[in-house]
Amino acid sequence: MYNILLGGAAGQGVDTTGNILEKLLKQAGYQVFSMKDVMSRVRGGHNFTLIRFGPEKIDSHSYNLDGIVAFNEETIGLHKDKLKPNGFILCDSSFAVEGPNMTKIAMNEMAKKIGNPKVVGSIAIGAILKSFGENLQHIESVYQHAVKLEYLEQNIEAVKQGFDSVIKHHEHQTSSYAKWMLLTGNQAIGLGAIAAGLKFYSAYPMSPSISIMEYLAEKMTEAGIVVEQAEDEIAAINMAIGASFAGAKAMTGTSGGGFSLMVEALGLSGIAEIPLIVANIQRPGPATGLPTRTEQSDLSFMVSASQGEFPRMIIAVKNHEDAFYQTIRAFNMAAKYQIPVMILSDQYLADSSAVVEPFDANRIKLYQEPEPLFEGEYLRYKLTEDGISPRLIPGTNRGFVAADSDEHDEYGKIIECADMRIKQMDKRFLKLKKLELELQEPEFVGAANYDVLLIGWGSTYGPIKEAIQLLHETSGRKFAALLFGDVYPLPTKLLKEKVKQAKDVINIEQNATGQLARLIRETTSIACTASILKYDGRQISGEEIAAAVLKEVVK
Amino acid sequence: MRDTSKEFCMYETAWCPGCGNFGIIKCLKQALEELNKDPHDVLLMAGIGQAAKTPQYLQANSFSGLHGRALPAAIAAKIANQNLTVVVNTGEGDSYGEGGNHFIHNIRRNVDISHFVHDNQIYGLTKGQASPTSSEGFVTGVQTEGSMNTPFNPLMMAIAAGAGFVARSFSGDPVQLVDLMKKAILYKGYALVDILQPCVTFNKINTFAYYKKRVYHLDESYNPHDKMAAIQKALEFGDRIPTGIIYQEEKATFHDKNKVLASGIPLWEQKRDHSLIEKFAQEFV
């Protein structure tokens, strides 16, 4: 497995070069995991892409570098400490930096001769392909989709010249992932939503959630989706609720700041029992926080967001594949229980790319809402045994459908009577009883004879899995982890069982206060014995987790 | 079993005796019945407030959402099912205050809905504070020194934002109000009717007699298709208050312009070919 860092200023082509290189490596048959570290600016600053690739399954990123591709000198200074002893630094021959690891090519000069200074990235791509023993078999097909036709020839020439400028350092390793998909976490959510039957998506542009809307907008005409950019997040969520009420499967997506504006309407979905999907792609807060970076600090907020009490569900997606299937499940749960279901992801998953097995059509099971059966007058909020009232779509000529943000009677009309208030509250919460039977327990990984139990949720899934492996290579103790996807309501069965054997229970979270640990304690009285918390806006890696566990906890 | 009656039945209300809302809801009922609408195909939507209780009192499909947020929910319901006749009835605080941003941008969207604003120049549900349209100097329990803000001019705002149907009426003028409601519902696109109404309990200035004395019908010599003339009329609010269609223009609607909706099949009923998912997935290979 190799780790390459591409770094430079915003506007130098780091992102584009990374996007093309990761596709070429996947086409060569490798597993690829590519992570973006981007500053919130359009020009200047320092951005980098970390690309990890190899023939074995890759769950997360790593900062132990086999190579640095530097688009500016600053990149070398910032990252050379992370370079392995035999790693390389690829840069332009004009850079003043010297050292044993330097591979200098006159990239800028070559690009000028080719006639386009922007093809420097493609020269670097050629050099990397050669260095790792790859051939140029896939460059035409990948570049055709990546650059405009008028620049295709220049870029192909650049790759070839870069390829011829260096010598081979590594042999190609045979691997069979060329027919798998390479996609980002947000694309997986977007495609999952389409697979689930999404008809209406409304959102206000916000990093890092915007790429869900961009993906859906690309597909809207072909897939029959109305994608509407709202004037603010309050409009976005109220639109989604209105569309859902009228029968279209609807979703909105945002990040923490936008979600903060949505909370009143979340309660509308709750009391009016209108199915709703909200994706919150977290970034560090509070307020504007670190707009282009990652954090898991909205869990506590989302568990209690909005005034009053109503049933809700929160699913934290664990990786790219999970993002697809859990988005479909979110739609199913929202339709079945007529509740708001929130998908919790973060910038790390949103913007990173991973290689995923093509989605299995047989695993896509859509919940079919039963034909509403009723006699006499239709009652939208009929009191039933499981709390679920048959849902009729307005305009189907079978009865009148009412939705009300006020407390209401079975018909849906405003009431203030104490008895009906209690009945409707109880009816809404009754739905949770049935929903709880469908909760997914956390995934257990690690050694059967563990005595250290790590606990994580959402996007730390990959890094924690990798940490378990690393810990077993370096420590005599035995480790296991519980990795939560469903976080609210919190599934507790496996947790209660697995903590019994553990001497140390360590929560690993990308926030400052240990929000899952608090939720676990509140729900089960189980207290974690130590915490590893990271809130610098950068995703924790398997290596960092392993080191922190050894240093702070196991000793 | 469906109720086949085309009557829009009325329920008992919680409005004060003499409230302008009585006149408005009767006109709404009459307009919908004269248009021969089936109540099962009508969706009455509102935010929160006294006027916003309208959907509670007239039998049709109803959606009583959040304060200020009736419009986003309403336009989306119409997008989801274009066969529904979507009518928003709500107050000026809901429409122009709390929901001001949605008012501007849904005019720009031009979804085919009607927006009937019950404008009594005061907040009724919270028992008497200044509303966006209260006149300067209007004294309330909160604006104890009188409202210091310039009154909001909904007609000017609507024309400026590009609305294609802008009208004003008065709750005490049922013949005109029914006529304007019918025209607004028939109009293809977003249609605003700002309806002046007295609040008998809290507004002792802008009373029934106050409006009755000031309102006058725009006559046949007035051309509602002339935008500059419309702006002139929209600015007229004082001793004389013009009522009728202030501005009208044919415009392409949201549904006309959106490729997914142009087929005429309601969005919620459109079927998706499942092979699309595999096709989209293959694009990532």
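The values are calculated or read from the model by the stated rules, or taken from the named source; none is laboratory data. None of the values given here were measured: they were computed from a predicted structure. Counting neighbours? That spans all protein chains shown, and the Cβs are built from the backbone with ideal geometry, glycine included. To get the accessible areas, we keep the full protein, side chains included, count just its heavy atoms, and leave off ligands, DNA and RNA. Shrake-Rupley method; radii C 1.70, N 1.55, O 1.52, S 1.80 Å.
Descriptive notes on the structure:
- Positions within the range A:391-410 being modelled with pLDDT of 95 or more and either surrounded by fewer than 15 Cβ atoms within 10 Å (Cβ to Cβ) or more than 10 Å from chain B (Cβ to nearest Cβ) (or both), in sequence order: A:Arg391, A:Glu407, A:Asp409, A:Glu410
- Sole exception among (1) within 8 Å of chain A (Cβ to nearest Cβ); (2) open to solvent by 20 Å² or more (accessible area, probe 1.4 Å); (3) among the β-branched types (Val, Ile, Thr) for B:Thr13, by number: (1)
- Looking across the range A:496-555, the residues that are at pLDDT 95 or above, assigned to a helix (DSSP H, G or I) and open to solvent by 60 Å² or more (accessible area, probe 1.4 Å) come down to A:Lys496, A:Glu497, A:Arg518, A:Arg521, A:Glu522, A:Thr523, A:Glu544.
- Of the candidates A:Lys148, A:Lys179, A:Lys130, A:Lys160, the single residue that is within 12 Å of another protein chain (Cβ to nearest Cβ) and either under 28 Å from the mean Cα position of the chain (by Cα) or at pLDDT 95 or above (or both) is A:Lys179.
- When the range A:225-245 is filtered for residues that are more than 18 Å from B:Ile113 (Cβ to Cβ), facing chain B (nearest Cβ under 7 Å) and either open to solvent by 10 Å² or more (accessible area, probe 1.4 Å) or assigned to a strand (DSSP E or B) (or both), the ones remaining, listed by number, are A:Asp232, A:Ile234.
- A:Leu435 in contact (Cβ under 8 Å) with a residue 60 or more places away in the chain, more than 26 Å from A:Gly537 (Cα to Cα) and in contact with a Pro (Cβ under 9 Å, 6 or more places away or on another chain): yes
- From the options A:Gly67, A:Gly18, A:Gly45, A:Gly8, residue that is modelled with pLDDT under 95 and open to solvent by less than 50 Å² (accessible area, probe 1.4 Å): A:Gly45
- Of all residues making up the range A:274-314, the number that are part of a loop (DSSP other than H, G, I, E, B), open to solvent by 20 Å² or more (accessible area, probe 1.4 Å) and aliphatic (A, V, I, L, M): 2
- Selection count where residues are more than 20 Å from A:Asp15 (Cα to Cα) and either part of a loop (DSSP other than H, G, I, E, B) or among the hydroxyl-bearing types (Ser, Thr, Tyr) (or both), scope the range A:157-188: 16
- Candidate set: the range A:203-214, residues that are surrounded by fewer than 24 Cβ atoms within 10 Å (Cβ to Cβ) and within 14 Å of the chain's Cα centre (by Cα); chosen: the one nearest to the other protein chains (Cβ to nearest Cβ): A:Ser211
- Within the set B:Gly97, B:Gly137, the sole residue that is open to solvent by 10 Å² or more (accessible area, probe 1.4 Å), assigned to a helix (DSSP H, G or I) and not charged (D, E, K, R) turns out to be B:Gly97.
- Subset of the range B:29-48 that is more than 8 Å from chain A (Cβ to nearest Cβ) and in a loop (DSSP other than H, G, I, E, B) - its residue that is surrounded by the most Cβ atoms within 10 Å (Cβ to Cβ): B:Gly47
- Scanning the range A:191-202 for residues that are in contact (Cβ under 8 Å) with a residue 60 or more places away in the chain, assigned to a helix (DSSP H, G or I) and facing another protein chain (nearest Cβ under 9 Å) gives A:Leu191, A:Ala195.
- Enumeration of residues in the range A:362-376 that are open to solvent by 100 Å² or more (accessible area, probe 1.4 Å) and in a loop (DSSP other than H, G, I, E, B): A:Lys365, A:Gln368, A:Glu371, A:Leu373, A:Glu375
- Within the range A:271-304, the residues that satisfy the criterion of being of a type in the set (Gly, Ala, Ser) and over 29 Å from A:Met39 (Cα atoms) are A:Ala272, A:Ser304.
- The set of residues in the range A:382-407 that are more than 15 Å from A:Lys427 (Cα to Cα) and in a loop (DSSP other than H, G, I, E, B) comprises A:Leu392, A:Ile393, A:Pro394, A:Gly395, A:Thr396, A:Asn397, A:Arg398, A:Gly399, A:Phe400, A:Val401, A:Ser405, A:Asp406.
- Of the set (1) of a type outside the set (S, T, N, Q); (2) assigned to a helix (DSSP H, G or I); (3) open to solvent by 40 Å² or more (accessible area, probe 1.4 Å), all apply to A:Leu379 but (2).
- Identity of the residue in the range B:69-85, β-branched (Val, Ile, Thr) and open to solvent by less than 10 Å² (accessible area, probe 1.4 Å), that ends up nearest to the other protein chains (Cβ to nearest Cβ): B:Ile79
- The numbered conditions (1) assigned to a helix (DSSP H, G or I); (2) out of contact with any Lys or Arg (no Cβ under 7 Å at 6 or more places or on another chain); (3) of a type in the set (S, T, N, Q); (4) within 14 Å of another protein chain (Cβ to nearest Cβ) are all true for A:Gln154 except (4).
- The residue that is least open to solvent (accessible area, probe 1.4 Å), among those in the range A:473-489 that are out of contact with any strand residue (DSSP E or B) (no Cβ under 8 Å at 6 or more places or on another chain) and in contact (Cβ under 8 Å) with a residue 40 or more places away in the chain, is A:Ser475.
- Among the residues of the range A:77-103, those that are outside any strand (DSSP E or B) and under 15 Å from A:Asn3 (Cα atoms) comprise A:His79, A:Lys80, A:Asp81, A:Lys82.
- Once the range B:49-68 is narrowed to residues that are open to solvent by 10 Å² or more (accessible area, probe 1.4 Å) and at the interface with chain A (Cβ under 7 Å from one of its Cβ atoms), the residue that is nearest to B:His105 (Cα to Cα) is B:Leu66.
- Residues that are touching a helix residue (DSSP H, G or I) at 6+ places or on another chain (Cβ under 7 Å) and hydroxyl-bearing (Ser, Thr, Tyr), drawn from the range A:57-102: A:Ser60, A:Ser62, A:Tyr63, A:Ser94
- Residues considered: A:Gly542, A:Gly537. Of these, the only one that is on the phi < 0 side of the Ramachandran plot and in contact with a Pro (Cβ under 6 Å, 6 or more places away or on another chain) is A:Gly542.
- Of the helices (runs of 4 or more DSSP H) lying entirely inside the range B:173-278, those containing at least 2 residues that are within 14 Å of chain A (Cβ to nearest Cβ) are B:254-257.
- Long-range neighbours under 7 Å by Cβ, at least six apart or interchain, first residue farther than 21 Å from A:Asn332 by Cα and within 13 Å of another protein chain (Cβ to nearest Cβ) within the range A:367-385, second surrounded by 15 or more Cβ atoms within 10 Å (Cβ to Cβ) and among the aliphatic types (A, V, I, L, M): A:Tyr378/A:Leu392
- Residue, surrounded by the most Cβ atoms within 10 Å (Cβ to Cβ), within the range A:82-133, restricted to residues that are over 27 Å from A:Glu171 (Cβ atoms) and among the basic types (Lys, Arg): A:Lys118
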